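Report on the structure given below.
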Amino acid sequence: MSAARAVLARELALALRSGGGAGLGLAFFVTAVLLVPFGVGPDPDRLSTVAAGTLWVAALLAALLSLDRLFQADAEDGTLDQLALAPLPLEALVALKATGHWLTTGLPLVIAAPVLGVTLSLPPGATPWLVAGLALGTPALSFLGAVGAAITVGIRRGGLLLSILVLPLYVPTLIFGARAATATDPWPALLLTGGVTLLVLAGAPFAAAAALRVNLR
Amino acid sequence: MGLRVDALSCARGGRLVLRDLAFAVPDGQVAILRGPNGAGKSTLLRALAGLLPHGGVVEIDGQPADRDARSELVAYAGHLDAVKPQLTVAENVGFWARLLGGDRGPAIAAFGLDRIADRPAHLLSAGQRRRLGLARLLLAPRRIWLLDEPTVALDADAMLALLHAVRDHAAAGGTAVIATHGPIGVPADIRIELSAEAAHAAEAASDPFLAGSWA
């Protein structure tokens with residue numbers, strides 16, 4: 001357990017130090033969402049119909065922003081070799097790093113979303129459901145992204161390839177998550193969002209660890 | 001008992017670099033690995049560490065070395081020092097101490113890092129970064145050390161510290177395989193010579209075009 005805590009604490013420290021990119025995802029999220037009223041126009045009715053979808057799409061892109069460095073920085077400075085030899089399974093390492101990514105990128109989005117919802121005239125009744133959907137759905141974004149990051153770890157400028165690989169996999173979370181904030185009965189969509197996340201949490205560490213092993217060669 | 005290697009072969013990028021390599025390093029002995037650039041020294045060390053898939057047998061204490069055995073018994077120091085530039089020297093060592101076990105104080109002191117312990121690692125010179133990478137060896141005791149050109153960028157004091165570390169390690173019954181070009185100051189109990197010709201021959205034999213089997 002102390003090894004797991006050490007990895008998670010290091011992930012958080014690295015993300016919060018300069019160049020770590022923890023604030024970057026949040027800043028991108030806020031900027032992207034605030035651009036929408038300029039494009040769609042200030043009409044509250046029109047904005048409120050696209051509010052939930054806009055927030056969700058912006059959240060997907062913001063989560064993707066710092067994912068390409070998830071394993072690449074460690075691979076470049078030799079840390080990944082040492083971690084692969086450490087008495088901690090690679091699957092656990094992946095899960096810890098993805099958790100660190102969610103804590104520094106996904107969680108700030110969940111917290112910022114209600115404020116940004118106001119600027120997009122999101123109906124007040126929908127705000128709790130949007131937040132609940134984001135809270136349940138964003139862990140899946142980090143863990144699916146970890147698989148993509150593990151596959152592209154050896155590729156220079158793999159960030160673009162990563163987005164092409166990962167964004168299609170985000171579609172179920174996007175559909176159910178956005179639906180939870182707009183449907184008259186949000187429960188089924190919300191539960192399905194959680195279900196997708198559970199499936200991803202169970203499978204992604206193994207897929208990402210397998211990809212890392214191939215890339216270590 | 002120590003480390004025993006038999007019929008080891010290893011391919012990189014589809015080409016065979018090592019073929020039918022066999023040697024043994026008993027407990028308490030130091031093997032020096034020599035060979036020109038491209039002879040496969042780093043490949044051999046990475047294969048021994050379990051970072052590269054390989055054919056043949058690698059045994060530690062008579063047992064085939066699986067991942068668990070290697071993570072408990074093997075320490076590897078490669079060309080890259082696994083230093084995080086954003087963290088300070090003490091934080092870098094502290095992370096590995098918590099992950100691998102062991103106490104960071106003696107490891108920092110042994111390589112003369114105590115005076116720069118609070119400095120961010122991105123300000124370190126190449127030699128200081130290498131010392132920081134080598135300090136990881138002293139954290140948790142690992143029986144088998146695999147060192148890939150550990151003396152690169154080290155000054156005389158750090159070379160001496162490394163020499164002491166390797167001697168103490170061998171005296172405590174550990175084994176070390178050290179790839180190096182220059183004199184390292186450690187008496188070599190065993191010499192392993194890799195030649196560029198052997199690497200080339202292995203490559204040719206593994207390539208159906210070069211071996212002429214398609215002619």
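The calculated 222 nm mean residue ellipticity attributable to helices in chain A amounts to -26000 deg cm²/dmol, summing -39500 (n - 2.57) over DSSP H runs of n ≥ 4 and dividing by all residues.
Between A:L16 and A:L161, the distance separating the two model label sites (each 7 Å from Cα on the Cα→Cβ line) works out to 3.4 nm. Ranking of A:T31, B:T175, A:T49, A:T138 by neighbouring Cβ atoms within 10 Å, starting from the fewest: A:T31, A:T49, B:T175, A:T138.
Derived value for the protein assembly as shown: Kirkwood hydrodynamic radius 23.9 Å. Basis is the mean of 1/r over every pair of different alpha-carbon atoms.
Note on B:S195 and A:R46: the model spin-label points, each 7 Å out from Cα along the C-beta direction, lie 8.0 nm apart.
Based on C-alpha pairs under 8 angstrom that are at least 6 apart in sequence, chain B has a relative contact order of 32 percent. Please build a GNM for chain A, connecting alpha carbons under 10 Å apart, and tell me which residue among A:L134, A:L116, A:L199 fluctuates the most. Among A:L134, A:L116, A:L199, the largest GNM mean-square fluctuation belongs to A:L199. Peptide B:46-57 shows a mean partner chain C-beta count of 2 within 10 Å per residue C-beta. Among the helices of chain A, those built from whole DSSP H runs whose Cα atoms reach 27 Å or more along their own axis and whose mean Kyte-Doolittle hydropathy is at least 1.0 are A:22-40, A:44-65, A:127-151, A:187-216.
Proximity of backbone amide H atoms, modeled 1.01 Å from N, is registered between B:R12 and B:V17 at under 5 Å, excluding neighbours fewer than 5 places apart on the same chain. Taking packing as the residue-averaged number of other Cβ atoms within 10 angstrom, the listed peptides A:53-62, A:105-114 run from highest to lowest as A:53-62, A:105-114.
The mean number of partner chain beta-carbon atoms within 10 angstrom of a residue's beta-carbon across peptide A:72-85 is 6.
The mean sequence separation of alpha-carbon pairs under 8 Å and at least six residues apart, normalised by the residue count of chain A, gives a relative contact order of 26 percent.
With a/c under 1.5 counting as rounded, go ahead and sort chain A into rounded, prolate or oblate using the C-alpha gyration tensor (a ≥ b ≥ c being the square roots of the eigenvalues; past the cut-off, prolate if a/b is larger than b/c, else oblate). Because a/c hits 1.5 or more and a/b exceeds b/c, chain A counts as prolate. Per-peptide packing, taken as the mean over residues of other Cβ atoms within 10 Å, places B:42-53, B:95-106 in the sequence B:42-53, B:95-106 from highest down.
Note on A:208-216: average number of Cβ atoms from other chains within 10 Å of each residue's Cβ is 1.
Here, each number is a calculation from the coordinates, and none is a lab measurement. As the structure is a computational prediction, the values presented were derived from the model and not from experiment. So basically every Cβ, Gly included, is an ideal-geometry build from the backbone, and we count neighbours across all protein chains shown.
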